[in-house]
Structures are given as C-alpha cells and as structure tokens.
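The structure under discussion appears below in the form of structure tokens.
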Amino acid sequence: MSVKIATVAGYWSAGPPAEAPDLFAAADRLRLDQIWTAEAWGSDAWTPLAWYGSRTSHVHLGTAVSQLSARPPATLAMTAMTMDHLTQGRVIIGIGTSNPQVVEGWYGQPYPRPLERTREYIDILRKVIAREGPVTYEGKHYQLPYAGTGLGKPLKSILHPYRTEIPIYLGAEGPKNIALAAETADGWNTMFFSPSMNDFYENALADGFGKPGARHGKDTFDVVGGPLRIIVDNDVERAADYLRPSLALYIGGMGAKQENYHNAVFTRMGYGAEAETIQRHYLAGDKAAAIKAVPTRLVEDVALVGPLAKIKEELPRWLDTVITTFTVSTDLHHLDQVVELVRETAA
C-alpha cells in the first residue's frame, strides 16, 4: 500500500491562527507531500499559502479550495503562475464552486450551472498557463475577449510559466462533480470522506475516467482525503464533542434549507433523519440543539477520534479506499506521532 500524506491549514476564524507558522514548518520538516489552505467568506486561500509557504522548501502548496466566483479564471492563473515561480513548481491549484449562499450572498454573482461553469473555468486556466498564444474562449459563462466595448483583444501572459501545466484539483461532493474531477482535473479534494462510502466514490470516479478525453485513469489521478480531523483523546465522547459544532454548522447552516450540499452528503451516508433534525434546529437559531443532535457514530464515520490505539486499529479501513494522499488533520503536538502511525500502517 503506497500513500502520500498531506495536512490542512484551512481558513481562519476571527484572526490568524497562532500555530500556522509551526504547522507549515512541521509539514516541511516531516517531508509531507502537500499542505492545503482554504477560504469561506473571510481569510482568502492564497495569501496565507504564500506567506507561510515562503518558509518551506519541500511540501507542495495547495488551495482547498479557491472559490471560482472570487476570481476570474485569468486572475487565478496569474496568481498560480506567479507562485509557481516563487516556489519552483510546488503549487497545486485547488478550485471549487462553493454554494449559492456564498456566491450570491458574498460575491454578488449568479450561480448558474456549476458543473458547466467549472469545466469552462478549468479550460481557461489551462490555456492561460500553457501560454501557447493569445487566449480566446467562447463559452456559455466565460468569453475572452468579453464583448463589451468591443475594444478587448486576445492577450498572452507576459509571464513565462515555470511549468506549462500546473496541477488542478477539484473540490467536489456530489457524484456528478466527482466524475467531473476525474474527467477534467488532476486530482479530487474530498470533504467529509467516509470509508463506508468507498463504493460510491469508486463508481463516481470510474464514470469520469471513462469519459472520452479524460486526462487520467485511476493509476495517475490523486484523491486527497481522510478523516475530517484526528482527535487523540482517551475519552471518545470528549473527542467527538470537539467536532460536533463544526459538523452542525456544515450540515445545518452552510447553505440554504433547500440546497445544502454538505447536508446531502450525510443523507447519502444514511443520516437523513439526523441531518434534517440538525438543520431544523440550526436554521431555527438553536445551535446548541443542533450540536447535541450530531450523533457520535456520525462523527466516527468521517473522523478518527479516541485513544491512539483505537485510531491505529481504524486506520487500515481508511487507507483501503480510493485515497492516494491521506490527509492528517490533527493538533500540532500530535502531528509527528500520527504521521508516523500512518506511514507505519501504509508500509
């Protein structure tokens, strides 16, 4: 069994996390393969990646995810090409559509046909980065040049790319989006991964790999995933309590009642009744009840919680999946120990 290892810096809450510099340093010291930042509607994904990543020399630096509506594709290509030079080819572009709540509420942009829009976005990214000529594109969602004043002209990047292809990973949860990642991208950034759903993931990926013109097969495609968190604690319930608020937020409040992709993930896992209860409480403003309604077995489906011996016993179940890069998201003081445990188990 061969597996790469990543860790996650995520996005900030009220301010910069004090441990972020140490996490990036540890990722480099431990020779991890990847470290990922994120964004929601506060801190952006790219600035911390550049700031903290400037102190690294080995680990690959990715965004999980850079939201499509935050940047036109040419802007994201410029950012990635610039950082690819500064890091000597260690950048991974991780993108995702987010959801209507964020796209329309925060960015003030429409949310039409997200799969179709993602496909066009990736096409333009690759054209800009390849720098084979002035970029033109006639899509349903993106047009270059844009037909506004009529003065726009096709342009080619002034910057010569460090690499003419920068890996593009897609953050996806639903079956069609996972298939799109397998067809058009170089990797899939999972969220709320569960080993119990491995057949579902395999089928969705196979659907994408089987499309005409797919870039990869399963042997060359990177699936980045693992437990939501690894909480080492002798008390399983206390460890689960640490994750219940975050799960309640995503299941109950990260999206509208009629369209919450995270809620749908847990419904597919078999937690439909629980997800409905959590969402009902959360949208009614009773966050405490929503948090209490997150069952421990749901937490254990998407996370590793409890004593180290329990985590060691459960690890093989996670590694025997479609995952090719295992994400270790844990407290910094447990990172060395857990990374070593993963390496021993995967050996």
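The values are calculated or read from the model by the stated rules, or taken from the named source; none is laboratory data. In this text, all values refer to a predicted model and were calculated from it rather than measured experimentally. All Cβ positions, glycine included, derive from the backbone under ideal geometry; neighbour counts span all protein chains shown. For the accessible areas, the whole protein counts, side chains as well, though only heavy atoms, and no ligand, DNA or RNA atoms are used. Shrake-Rupley method; radii C 1.70, N 1.55, O 1.52, S 1.80 Å.
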For the stretch 23-48 and the stretch 186-225, distance of Cα centres in Å = 23
Give the shape of the stretch 193-314 as rounded, prolate or oblate, defined through the alpha-carbon gyration tensor: a ≥ b ≥ c are the square roots of its eigenvalues, a/c under 1.5 means rounded, and otherwise the shape is prolate if a/b is larger than b/c and oblate if not.
-> oblate
Charge tally in the Cβ shell below 12 Å around ILE178, where Lys, Arg are +1 and Asp, Glu are -1, ILE178 excluded = -2
If we count every other residue with Cβ under 14 angstrom of LEU205's Cβ, Lys/Arg +1 and Asp/Glu -1, where does the sum land?
-> -4
Give the ranking of LYS218, LYS127 by solvent-accessible surface, highest area first, calculated with a 1.4 Å probe.
-> LYS218, LYS127
Length-normalised contact order of the chain in % [C-alpha pairs under 8 Å, at least 6 apart] = 16
Prolate/oblate/rounded label for the stretch 1-105 (Cα gyration tensor, a/c 1.5) | prolate
Assuming a ≥ b ≥ c are the square roots of the Cα gyration tensor eigenvalues, decide whether the stretch 37-178 counts as rounded (a/c under 1.5), prolate (otherwise, with a/b larger than b/c) or oblate.
-> oblate
Whole-percent carbon and sulfur contribution to the accessible surface of the stretch 131-289 (1.4 Å, no ligands, DNA or RNA) stands at 53
Neighbourhood net charge (15 Å Cβ-Cβ; Lys/Arg +1, Asp/Glu -1) for TRP41 = -2
How much accessible surface does THR267 have with a 1.4 Å probe, in Å² rounded to 10?
-> 70
Candidates (1) 20.1, 66; (2) 23.3, 71; (3) 19.8, 62; which is the computed Rg and Dmax of the Cα atoms in Å?
-> (1)
What spacing in nm lies between the two simple spin-label points modelled at ASN234 and ILE158, each 7 Å away from Cα in the Cβ direction?
-> 6.2
Once you've got the Cα coordinates, tell me which of LYS218/LYS312; LYS176/LYS211; LYS140/LYS218; LYS176/LYS218; LYS127/LYS156 are over 19 Å apart.
-> LYS218/LYS312; LYS140/LYS218
Report the antiparallel proportion of the DSSP beta bridges in the chain as a percent, rounded to a multiple of 5.
-> 10
